[in-house]
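A short worksheet on the structure shown next.
The values are calculated or read from the model by the stated rules, or taken from the named source; none is laboratory data. Since this is a predicted model, take the numbers as computed values, not measurements. Ideal geometry is used to build each Cβ from the backbone, glycine not excepted, and the neighbour counts take in all protein chains shown. Surface accessibility is based on the protein's heavy atoms, side chains included, excluding ligands, DNA and RNA. Shrake-Rupley method; radii C 1.70, N 1.55, O 1.52, S 1.80 Å.
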Amino acid sequence: MKNISSLILVFILLVIWQGAAMGVDAAYILPSPTQILERLWELREPLILVHLPATMGVTALGLCISVVLGLLLAISMDWNPKLEKALYPIIVASQTIPTTAIAPLFILWFGYGIWSKVLVTILMTFFPIAITVFDGLKGTKREMEELLMTYGATKKDIFLKLKLPTALPSFFSAIKMSIPLSVIGAAIAEWLGAQKGLGYFSKRMMTQLDGAGVFAPVVLLSVVAMVTVWIITIIERKIITWRKEL
Amino acid sequence: MLEFKNVSFRYDVDAFSMMEDLSFSVEDGEFVSIIGASGCGKSTIFRLINGLEKPQKGEILVDGKPIASLKQYSAFMPQKDLLFPWRTIEKNICLPMELAGVPPKEQEARCREVLEQVGLLDYMKKYPKDLSGGMKQRVSFARTLLSGADMLLLDEPFSALDYLTRVEMQEWLLHQWEHYDKTILFITHDVEEAVFLSQKIFVIQDRPFSSMEMVEVPLSYPRDRSDLKKPEIVELKEQLIGKLRRSVSV
Ligand SMILES: Nc1ncnc2c1ncn2[C@@H]1O[C@H](COP(=O)(O)OP(=O)(O)OP(=O)(O)O)[C@@H](O)[C@H]1O
Ligand SMILES: [Mg+2]
């Protein structure tokens, strides 16, 4: 096991946290890891049956839309250099906008329903996906492209047979990067205004000064995000066997 | 037959022409090498032949027809193997046929045949990462063959290989050439390689160049490495090296 040292580190940090929490002895400010787990267990039913599905719904929907839009944008910028010139700088610049700061606007505009949250999620993930995939497409080797041209390949052939496989690793990176981002996006949006969801639940626990209750949904969210990324990594390893050689 | 007629070419970004008024021709079935100092424009000649660059003046003809009107008349094999790592050896070799719309059944049959010929049938379902440098160049050559063109443009195909593999590959290539009846244009830095392989050697000396000096190799096929020790061949090698030296110092 090559991650053994990081596991040990995590364990040490947890022990320190536990010790500090027991020292402070004020669960509403700093709950200990064991208290959080306990609370997670107590709250398992509403968390897993009601709030987790709500948040996952927002995350999945937002992520899917982001992937489709991001791919479309990346591909069209790669296809048409004029579009690239016009859009690329804007996209890069837009990365500096603090999404979390403008999220409340979306709640204001689109209300407390699911769409305002989906929009925040899209806003968080769309641009990183577009840029990563675009850079992946641009990473195509000129020599390989020219070789295909000498075989009489059309632009479409070059796209399907060369660019797409070349960009596949970037596509997976984009997905793995945007899963945590979309979870954060969904949770923030729920925090700002919702009737259910883990973000909303966490906020409600906050108003009740239930420190462990604030943490419990966060722990659940992190675990779900990590498991999803892990599954994607396994799929990626199955599909991409050539990463090292490019 | 390949003909260059008064071809002038300059890259857009360059201030000086690469070649001016260049004319030469290569007969069907010949094995011709092109040698010259680094950066003198050898690869550019290939880029012109396979249509990646267009000459500003002059004409390039294959069998009397301008290349713009032709398809699949030449096949290019680069220095790096440029095999696609996500494709099996079989799929790599089939790539040019795929693009030309050859039916899958026929693709597989031809792929098998050529892999048998280059001695890599067992590797059909393997990936490029499973092959050594020499094997990859053989696969790359097989791919070039199956593009169906009669004229093969080989740009320093063996220069990245170690000496022993290179020597082996040279003998192998001559074998393939005799078997397949193709025209081969071969770029190299290595005078000995050019002498061992080709019937004619074109030497690029000037910059820009308007002609290439043609030197014939007084050896018949099949050839043996011991032929390289013959006095007239040793003499020829020295002569060629002298020409290249002069062109570098100019
Ligand atoms: N696509 C290109 N655009 C602009 N200039 C180029 C291009 N390709 C090559 N050149 C320039 O043209 C010159 C000749 O290049 P070329 O590749 O034909 O030389 P070469 O004889 O094949 O050299 P080498 O032996 O190093 O391969 C070089 O100075 C190079 O910088
Ligand atoms: Mg070159």
Next item on the list: May I ask for the angle, rounded to the nearest 10°, between helix B:89-100 and the longest principal axis of chain B, with both axes built from Cα atoms and the value confined to 0 to 90°?
Entry: 70 degrees
Check: Expressed in nm to one decimal, what extension gain is obtained for the pair B:Glu235 and B:Tyr221 from 0.36 nm per residue of sequence separation less their Cα-Cα distance?
Finding: 3.1 nm
Item checked: Within chain A, helix-based [θ] at 222 nm, where runs of 4 or more DSSP H residues each add -39,500 (n - 2.57), nearest 500 -> -26000 deg cm²/dmol
Next item on the list: For chain B, calculate the relative contact order in percent as a whole number, restricting contacts to Cα pairs under 8 Å that are 6 or more residues apart.
Entry: 26 percent
Checklist line | Selection of chymotrypsin sites (Phe, Trp or Tyr not before Pro), the range B:1-34, meeting DSSP coil and at most 12 other Cβ within 10 Å | finding: B:Phe16
Item checked: Nearby lysines by direct alpha-carbon distance to B:Lys230 (threshold 18 angstrom, same-chain neighbours under 8 apart not counted) -> B:Lys200
Checklist line | In nm, spacing of pseudo-spin labels at A:Arg237 and B:Arg246 (7 Å Cα→C-beta vector) | finding: 6.3 nm
Check: Summing +1 for each Lys or Arg and -1 for each Asp or Glu, what net charge is found among the other residues whose Cβ lies under 15 Å from the Cβ of B:Arg207?
Finding: 0
Next item on the list: Give the accessible surface of the range A:1-94 per residue, rounded to a whole number of Å², with probe radius 1.4 Å and ligands, DNA and RNA excluded.
Entry: 65 Å²
Notebook entry, point to check: Cα-Cα over 29 Å: which of B:Lys105/B:Lys182; B:Lys65/B:Lys136; A:Lys82/B:Lys42; A:Lys161/A:Lys238; A:Lys156/B:Lys91; A:Lys138/B:Lys5?
Noted result: B:Lys65/B:Lys136; A:Lys82/B:Lys42; A:Lys138/B:Lys5
Item checked: Contact order normalised by residue count of the range B:83-148, Cα under 8 Å, 6+ apart, percent -> 51 percent
Checklist line | A:Trp230-B:Glu171 FRET efficiency (beta carbon distance; Förster radius 60 Å; 0.05 resolution) | finding: 0.70
Checklist line | Within chain B, helix-based [θ] at 222 nm, where runs of 4 or more DSSP H residues each add -39,500 (n - 2.57), nearest 500 | finding: -11500 deg cm²/dmol
Check: What relative contact order, as a whole-number percentage, does chain A give when Cα pairs under 8 Å and 6 or more residues apart are counted?
Finding: 26 percent
Next item on the list: Sort B:97-108, B:156-167 for me by packing, meaning the mean count of neighbouring Cβ atoms within 10 Å per residue, highest on top.
Entry: B:156-167, B:97-108
Margin query: Starting from 0.36 nm per residue, how many nanometres of slack lie between A:Val15 and A:Tyr112 once their C-alpha separation is accounted for?
Written below: 31.0 nm
Item checked: Neighbourhood charge, 14 Å Cβ-Cβ cut-off, centred on A:Ile114 and excluding it, Lys, Arg +1 and Asp, Glu -1 -> +1
Check: For helix B:133-145, what angle does its Cα long axis make with the longest principal axis of chain B, in degrees from 0 to 90 and rounded to 10?
Finding: 90 degrees
Checklist line | Size of charge dipole - chain B - debye, nearest 20, with Cβ of Lys, Arg +1 and Asp, Glu -1, no other charges | finding: 680 debye
Checklist line | Rounded accessible area of B:Lys91 (nearest 10 Å², 1.4 Å probe) | finding: 90 Å²
Check: Any idea what the dipole of the range A:36-240 comes to, in debye rounded to 20, about its Cα centre with Lys/Arg Cβ at +1 and Asp/Glu Cβ at -1?
Finding: 300 debye
Item checked: 14 Å beta-carbon shell around A:Leu160, net charge (K/R +1, D/E -1) -> +2
Next item on the list: Report, in whole Å, the centroid distance computed from the Cα atoms of the range A:180-242 and the range A:66-123.
Entry: 21 Å
Next item on the list: Provide B:His189, B:His175, A:His51 ordered by accessible surface of protein heavy atoms (probe 1.4 Å), highest first.
Entry: B:His175, B:His189, A:His51
Checklist line | DSSP beta bridges in the range B:40-186 [antiparallel fraction, %, rounded to 5] | finding: 20 percent
